[in-house]
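Shown next, in structure tokens, is the structure this report addresses.
Any read-out appearing in this document is the output of simple, stated calculations on the displayed coordinates, not a laboratory observation. No experiment lies behind these values; they were computed from the predicted model shown. As a convention, Cβ positions derive from the backbone with ideal geometry for all residues, glycine included, and neighbour counts pool all protein chains shown.
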Amino acid sequence: MLTTTVIICHIVLLYIILMFLPLDDFFFNLKGMSDFSEELIRPTTEDEQGEPCVPSGTGMCLPWLQKHIETIATGGRQEKDFAQTTSACLSLIQEALLKHQWQRAAEYMHSYLQILEDSDSNKRQVAPEIIWRLGSEILYYHPKSSVETFNTFADRMKNIGVMNYLKISLQHALYLLHHGMLEDANRNLSQAETWRYGEKSSSQEVLINLIQAYKGLLQYYIWSKKKMELSQLDEDDYAYNTASQNMLNHSWKTSINLCALIQIPGVWDPFVKSYVEMLEFYGDQDGAREVLTNYAYDEKFPSNPNAHIYLYNFLKREKAPREKLISVLKILYQIVPSHKLMLEFHRLLRKSENEEHHKLGLEVLFGVLDFAGCTKNITAWRYLAKYLRQTLMGSHLAWVQEEWNSRKNWWPSFHFSCFRAKSDWKEDKALACEKALVAGLLLGKGCRYFRNISKQDHQVLKKKMKQMKKSVKKYSIVNPGL
């Protein structure tokens with residue numbers, strides 16, 4: 001049982017600590033906390049004004065202290081008061097963080113550490129993760145914080161919250177990477193990679209995979225830097241041979257981490273790209289193709305447009321047959337019909353000898369221009385204007401009608417309003433002319449967009465205007481043949 005004198009000394013000492021303690025000590029005095037800091041800053045209530053005032057021995061009058069002494073002495077509401085204090089302290093920390101009051105948050109954080117002594121085992125169990133998340137956020141932004149301070153805090157928290165060891169290690173490594181400390185980050189990840197606590201759980205498995213992934217990515221970055229240095233050396237130079245051997249050794253270590261990781265179903269875009277680059281650098285084209293093919297087509301992996309983009313770019317570098325390129329982009333089209341590669345897909349389809357591909361080429365262009373982000377894409381409009389005219393000249397009116405029937409109720413207001421015509425002509429006259437030709441072919445010469453653009457007097461575009469009017473008159477699907 002604590003005596004009154006001991007309690008008073010404890011409170012006064014804590015008050016002094018809160019006023020003058022350096023930033024580092026707010027986070028590293030993690031034991032023996034019994035703090036009433038919230039009450040220290042609380043104004044005196046009317047009820048307390050009439051209560052006995054316990055002197056602190058330093059000139060401070062603490063009117064609320066008698067109540068706490070009685071509570072502790074009798075055992076009354078101690079646990080309830082403790083819970084209320086820590087809960088209120090957490091709210092104050094969150095408020096300070098939202099207002100970017102880092103020093104104030106650090107002061108409250110020192111008080112909140114008493115949660116580690118909570119009698120509720122559930123609260124004690126989650127406390128280390130809460131302290132880590134709040135403390136790391138404060139130290140990341142506090143103007144007086146340093147890498148050394150953050151490192152010490154992270155190391156202490158790893159030992160207190162062993163269940164969070166892997167999470168903290170990963171976030172600690174990312175912090176070090178952010179500060180350019182590659183070797184320290186790599187060492188941190190290597191330690192975490194071999195750490196185990198109890199039986200290996202599924203959550204630990206996921207975190208270990210992530211740690212191995214980032215370690216592999218970090219090693220790839222180091223390898224990439226060496227590759228750049230190597231490119232600047234003479235191949236006959238001794239330094240070139242030494243650097244080449246170092247790169248081979250490093251790539252072997254990196255490939256072990258990355259190769260194991262990308263076998264696990266998931267989205268591993270940067271890791272796949274890194275691994276494939278290394279395989280290509282050392283001439284393993286078959287290995288690179290196998291990795292990318294599995295990543296794109298293996299049903300265990302989630303649908304991922306980037307997987308097909310990586311495979312397409314690789315096949316393009318290999319100068320693969322057109323049919324192979326088309327088959328890859330066809331899947332990408334089904335996932336992201338507005339992707340920038342769709343214009344390249346259209347060109348491949350247009351060059352194909354397969355009539356079904358020619359029809360798909362028209363569908364692809366309409367699909368691209370269905371999206372608001374592509375409304376100003378002059379290349380897409382130029383391709384559509386040209387291909388519409390060719391398709392109608394080739395007696396494939398049914399293809400155009402099939403695409404237009406699902407769009408005729410919303411494309412006119414979306415693309416071909418009078419406002420759009422004035423805006424497009426003002427911003428980009430070449431774009432306006434391409435759109436006007438498409439509008440005329442689909443809606444006829446009575447279309448407001450077509451009329452607005454065709455009546456413009458522009459000397460440079462005079463010939464183009466004349467050709468546009470002639471094409472609309474001859475090939476418009478509104479009055480075919482007229």
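Take W195 and N313, extend 7 Å from each Cα along the Cα→Cβ direction, and tell me the distance between the two endpoints in nm.
With each label point 7 Å from Cα toward Cβ, the separation is 3.4 nm.
Quote the FRET efficiency, to the nearest 0.05, computed for R407 versus E117 with a Förster distance R0 of 56 Å and r equal to the Cβ-Cβ distance.
On the way: r = 67 Å, r/R0 = 1.20.
E(calc), rounded to 0.05, equals 0.25.
Could you sort out which of K359/K470; K99/K158; K422/K470; K376/K464; K386/K469; K359/K445 sit more than 18 Å apart by Cα distance in this structure? Don't skip to the end; give the middle numbers.
Values: K359/K470 25 Å; K99/K158 28 Å; K422/K470 22 Å; K376/K464 20 Å; K386/K469 14 Å; K359/K445 25 Å.
Table pairs above 18 Å Cα-Cα are K359/K470; K99/K158; K422/K470; K376/K464; K359/K445.
Can you list, largest first and rounded to whole Å, the semi-axes you get for segment 321-439 by taking the square root of 5 times each eigenvalue of its Cα gyration tensor?
Working: eigenvalues 122, 49, 34 Å².
The equivalent ellipsoid of segment 321-439 has semi-axes of 25, 16, 13 Å.
Going by Cα centres, segment 132-176 and segment 359-405 are how many Å apart?
One Cα centre to the other: 55 Å.
Counting only other residues whose beta carbon sits under 12 Å from that of R124, what net charge do I get with K and R as +1, D and E as -1?
Working: positive: K123; negative: E117, D118, D120, E129.
Local charge sum for R124: -3.
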